[in-house]
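Presented below is the structure to which this report refers.
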Amino acid sequence: MIDEILIRDQLRNTLNEIDLPNLGRKYQGKVRENYINDATGVRTIISTDRLSAFDRVITTIPFKGQLLNQMSAFWFEKTKHIAPNHIIDIPDVNVVRAHNCKTLPVEMIVRAYITGSAWRAYQKGESVSGIIFPEGLKNYQKFPDLILTPTTKAEVGEHDLPISREEIIETGLVDRDIYLEMEEKTLKLFEFASNLCSSNNLILVDCKFEFGINPNNELVVIDEIFTPDASRFWIQDTYANNFSSDQKPDILDKEFFRQWLIKEKDYMGDGDIPEIPDNIKVEFVRRYVKSFEMITGTKFQPVIEGSIIERIKKNLAI
């Protein structure tokens, strides 16, 4: 496990932004910087250390970009037999070179348990992506079957909105056949990852996927996959079946931070962004590293020498 002193030493050495115009035109997401070279069809994706929650960029966290990039790389390699992805190569621990794909405007979310935003909606009596959950559910409860709750893919600074399968198809947001293929691949990917996690004492609670159409007109997985930013992971041994209010599983994903923001700062995205204390940042790193090591079965090796930006430039030969 990563040393706390090392984390604290790196709290001010994080990658917030990087400007590399030679790579192509820039698109900035909440966490990733994308550079698109239209001549070569290559998209260079740089995972920064930015931390977003409730569709706002909150702060930066040391090693977060490296953790996300390497976790995605692990899963993309493990799942390429189920669904092709956009990866070309990984020239730096924070960087992916990928085929530039046409992004489909729907994010696929699959849920095995009720928690997080679905639980918050359920408490208000709201449906999620047109689905009305049965009465009597408790937080952290497992669904009898996997549930798909797609959302629109919003622009930066806007909120993703739940949308039903029927609305997606009827409005032509995504072609019917393509959308059904997205559903099929989503469920197969989730089943594979859930089994791998279970063998490593983890529960894969839910996750989201983004899809695109590559230059060969194939449906591929893009962005990230099964990271603690885009998925929820619980330690299996800590999962309590009685769902009592004073018991909850040990959370190894971004939900712990969202819960802290709600409970300690009364913050859900509106108003001024609160200051994040160092101990919360340290705990964030600790949980992400633990999820990385439990899933991959390897020790996380943080790259800390010199400037992050200069290292990336060197590895991209800029």
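The values are calculated or read from the model by the stated rules, or taken from the named source; none is laboratory data. Predicted model only: the values in this text are computed from it and were never measured. Virtual Cβ from ideal backbone geometry, glycine too; neighbours counted across all protein chains shown.
Some notes on this structure:
- The stretch 1-19, residues that are outside any helix (DSSP H, G or I), surrounded by 11 or more Cβ atoms within 10 Å (Cβ to Cβ) and of a type outside the set (Asp, Glu): 2, 10, 11, 13, 14, 15, 16, 18
- Some residue of the stretch 57-71 being closer than 30 Å to residue 12 by Cβ, modelled with pLDDT of 95 or more and of a type in the set (D, E, K, R): yes
- Residue in the stretch 172-197 that is surrounded by the most Cβ atoms within 10 Å (Cβ to Cβ), counting only those that are over 18 Å from the mean Cα position of the chain (by Cα) and hydrophobic (A, V, I, L, M, F, W, C): 174
- Selection within the stretch 100-120 - free of Cβ contacts under 8 Å to residues at least 12 places away in the same chain and either more than 16 Å from residue 150 (Cβ to Cβ) or of a type in the set (Phe, Trp, Tyr) (or both): 120
- Residue in the stretch 221-238 that is on the phi < 0 side of the Ramachandran plot, surrounded by 14 or more Cβ atoms within 10 Å (Cβ to Cβ) and of a type in the set (Phe, Trp, Tyr) present: yes
- Residue 22 being touching a residue at least 12 places away in the same chain (Cβ under 8 Å), surrounded by fewer than 16 Cβ atoms within 10 Å (Cβ to Cβ) and in a helix (DSSP H, G or I): yes
- Listed by position, the strands (runs of 3 or more DSSP E) enclosed by the stretch 200-285 that each have at least 2 residues that are charged (D, E, K, R) and in contact with a strand residue (DSSP E or B) (Cβ under 6 Å, 6 or more places away or on another chain) are 202-213.
- Residue, surrounded by the fewest Cβ atoms within 10 Å (Cβ to Cβ), within the stretch 47-102, restricted to residues that are among the hydroxyl-bearing types (Ser, Thr, Tyr) and within 24 Å of residue 16 (Cα to Cα): 52
The rows are residues; the columns are (1) in contact (Cβ under 8 Å) with a residue 40 or more places away in the chain; (2) within 27 Å of residue 269 (Cβ to Cβ); (3) assigned to a helix (DSSP H, G or I).
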| site | (1), (2), (3) |
| --- | --- |
| 126 | no, yes, no |
| 133 | no, yes, no |
| 146 | yes, no, no |
| 179 | yes, no, yes |
| 186 | yes, yes, yes |
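- Scanning the stretch 76-96 for residues that are more than 19 Å from residue 315 (Cβ to Cβ), polar (S, T, N, Q) and touching a Leu at 6+ places or on another chain (Cβ under 8 Å) yields one hit, 79.
- Complete set of residues in the stretch 200-251 that are of a type in the set (Asp, Glu) and at pLDDT 95 or above: 206, 210, 218, 223, 224, 229
- Near pairs, Cβ below 8 angstrom, 6+ apart or cross-chain, from the stretch 35-61 (at positive phi and in contact (Cβ under 8 Å) with a residue 12 or more places away in the chain) to any residue that is acidic (Asp, Glu) and part of a loop (DSSP other than H, G, I, E, B): 55/158; 55/160
- If you go through the stretch 286-314 and keep only what is without any contact (Cβ under 8 Å) to a residue 12 or more places away in the chain and either assigned to a helix (DSSP H, G or I) or crowded, with 16+ Cβ neighbours inside 10 Å (or both), you end up with 310, 314.
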